[in-house]
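The values are calculated or read from the model by the stated rules, or taken from the named source; none is laboratory data. If you're wondering where the values come from, they're calculated on a predicted model, not measured in any experiment. Positions of Cβ are backbone-derived with ideal geometry, glycine not excepted, and every protein chain shown enters the neighbour counts. Quick note on the areas: whole protein, heavy atoms, side chains included, nothing else; ligands and nucleic acids left out. Shrake-Rupley method; radii C 1.70, N 1.55, O 1.52, S 1.80 Å.
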Amino acid sequence: MKVKNKKNVAKAISAIGKTHKIKRNKIKRLTEKKGKKKKISKKALIEVGLKNEKQKPKAKVQTTQPIINDNLIKLTNISYKGAPENTTPSLYKQQKKVDGDKTPTSFIQRMKDKLKGARFRYLNEQFYSSSSQEALLYFKKEPSAFKAYHNGYMQQVTQWPVKPLDVIIRQIKPILKKSNVNLPVVVADFGCGDAKLARAFPKVKIHSFDLVAVNQYVTAGDMAHTSLANGSVDIAVFCLSLMGTNLQSFIKEANRVLKTGGLMKIAEVESRFDNISTFADSLAKYGFEKIKVDQTIEMFVFMDFKKTQDISKTALKKKLPILELKPCIYKKR
Ligand SMILES: C[S@@+](CC[C@H](N)C(=O)[O-])C[C@H]1O[C@@H](n2cnc3c(N)ncnc32)[C@H](O)[C@@H]1O
C-alpha cells in the first residue's frame, strides 16, 4: 500500500495493529485450549500468517498422459467417433486405450449387446413353442428377426467348447470323401443355419434348408416339406434343428427323402430330452433303426439311425407316437 499523507499512515498503522491483535488472539486460543500448552501446528501458523507456506515444487513439464483423466475422456468421447481434429494421433491412441472399460461408448455397447441377447432369447423361445408353419410366416414378415436370431445363435456357438456341427462334419467326412461322379453321396442338411456343412464340402451334393436363406447355399423354406424327391438322399442331418412343435413332421420328411438304408444323424441338447432312450426307440415307428446314441460329449447327444422302412404309405393309417422335446433355453449371460 502506498502511504501518501500522515492521516493515511495513521490509518495504515491502526489497520496493521488490528490485524496483529486478531492474530495474537487466535494464537492465544490455540495455545490455551483446555488449559494445556499445545504445540502449535504448522498449519495453524500458516493460517495466521506467522509461517509462510512452503512453495510446492513446480510441477514437472507435463506430457500428454496426465491430461487424460477419466472425466476428460468421458467429456471428449461422448460424441466423437474418430480422432478430434486438434488431437495428436498418439493422444488419440491413449484416449482410446484408457477408454476401454468404463466410458459411455462401451456402456452403450454393453447395453446394445444386452438387448441383442434378450431379443435372441425371446425369438429362440418363440421358435420352440410354435409350429414350423408359424415360424416360417413370422420370419417371412420379419426377416430382421431371423437375422437377430441367427446372429444370436452364432454368438452362443462361439462360447461352446465343442460345436455339434463340427462333430458331425468330422463323423461324415470319410463317407463324403468317397463321393464321386459315379457314386455321388447326397446329403440333406435340415435347419442348416449358414450352411457350414455345405461350405465344408463344396464338391458334394449337399441340400441345405432353413426358414430364411442367409447365403446362397441355403434353400429357404419349411424343412417339413422340401422339394427333394422320394428316396433321393443318403444322409439326413438335423443338427440342433428339431425346433418346432411339429417335430414329427421333420422326421417324416427325412423318412420320405432318405433312401432305404440311408443314415439320419441327429445332434441335440441333452437337456431337451425327458428320456433319450424312449425318444430314440420311438423313432422305430417312423421307420428308423437306432444305430448309435452317443452322450460322451457334455451337454449334447448324438444319435445315428438307419432308415429301414418307408412310412409314407403307412403313416396315415398307423398311429405314430408323439415326439416331444423340451425347448432349449439359453441362459442370460
Ligand atoms: C440352432 S440352429 C442350428 C444351425 C446349424 N444346424 C448348426 O448346427 O450350426 C437351428 C436352425 O434350424 C432352423 N430351423 C428350425 N426349424 C426349421 C424349419 N421348420 N425349417 C427350416 N429350418 C428350420 C433354424 O432357422 C435355425 O437356423
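How large is the accessible surface per residue of the range 240-304, computed with a 1.4 Å probe and reported in Å² as a whole number?
Here the per-residue accessible area is 39 Å².
With +1 on the Cβ of every Lys and Arg and -1 on the Cβ of every Asp and Glu, and nothing else charged, how large is the dipole of the range 156-287 about its Cα centre, in debye rounded to the nearest 20?
In total the dipole reaches around 580 debye.
Can you give me the % of accessible surface on the range 105-228 that is carbon or sulfur? Probe 1.4 Å, all protein chains present, nothing else counted.
Carbon and sulfur atoms account for 58 percent of the accessible area of the range 105-228.
Using the Cα atoms as the points, what is the convex hull volume per residue of the range 167-264 in Å³? Write down the numbers at each step before the final one.
Values: hull volume 9.3 nm³, N = 98.
Expressed per residue, the convex hull around the Cα atoms of the range 167-264 is 95 Å³.
ASP113 to GLN295: extension gain in nm, 0.36 nm per residue of separation minus the Cα-Cα distance?
Numbers: separation 182, 0.36 × 182 = 65.52 nm, distance 3.27 nm.
Going from the current span to full extension adds 62.3 nm.
For GLU125 and GLN159, FRET efficiency with R0 = 22 Å and r from the beta-carbon atoms, rounded to 0.05?
E(calc), rounded to 0.05, equals 0.70.
Please sort by residue number the GluC sites (Glu not before Pro) in the range 255-301 whose DSSP state is loop and whose Cβ has at most 11 other Cβ atoms within 10 Å.
The qualifying sites are GLU298.
Which entries of LYS114/LYS332; LYS177/LYS203; LYS178/LYS285; LYS173/LYS292 show an alpha-carbon separation above 20 angstrom in the structure shown?
LYS178/LYS285
Over the range 132-199, consider all pairs of different Cα atoms and compute the Kirkwood hydrodynamic radius from their mean reciprocal separation; express it in Å, one decimal.
14.4 Å
Just grab the label-to-label distance for GLU324 and GLN309, each label 7 Å out from Cα along the Cβ direction, in nm (one decimal).
Each label point is offset 7 Å from its Cα along the Cβ direction, giving 2.4 nm.
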